[in-house]
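As structure tokens, the structure follows; a few thoughts come after it.
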Amino acid sequence: MAWIFEPKDVKDALQAFTRELAGPKAKSLGWTIAPDEDHIQRQFKSVTLLSPTETNHRQFLEWQGSPMTLSTSCSTIVKLTCRIVKVAQSMFEKWTQGDKSAIHPDLRSAVFAIALKNGGKKEVSQHTTTG
């Protein structure tokens, strides 16, 4: 929110920087919560998984054109972000179909935020009827 009044090119650069930092870290952390992880580690994992998806990756793909025009690192980062979204949507779908163990409680807010931001009316309806 602190960057809301900055020029578009500054915001775009910050979003790209966030994707570059958070995407690979999110991949290395993964979606599994280990029993020996403390509360801070669990919160960090949740925020790190959510961060790259908050950067308008769809808009970034449209702006860059086809994947063939992306640099290898940009292409990899966007693919990581899209993978995070797909995993979160899959977990959300299982959760809304009754599998309450599909999402660890410490990841629930990140998964819901990702699924709802990248979903449509169906996801919002599922959230309001099962939430």
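None of the figures in this text is laboratory data; all of them are computed from the coordinates on show. No experiment lies behind these values; they were computed from the predicted model shown.
Computed from phi, the 3J(HN,Hα) profile of the stretch 99-109 under the Karplus parametrisation 6.51, -1.76, 1.60 (θ = phi - 60°) reads 7, 6, 8, 5, 10, 4, x, 6, 9, 4, 5 Hz, with x in place of Gly and Pro.
In straight-distance terms, cross-link reach from Lys25 covers every one of the lysines whose alpha-carbon lies under 22 Å from its own, apart from those fewer than eight places away in the same chain; here that gives Lys11, Lys45, Lys79, Lys86, Lys117.
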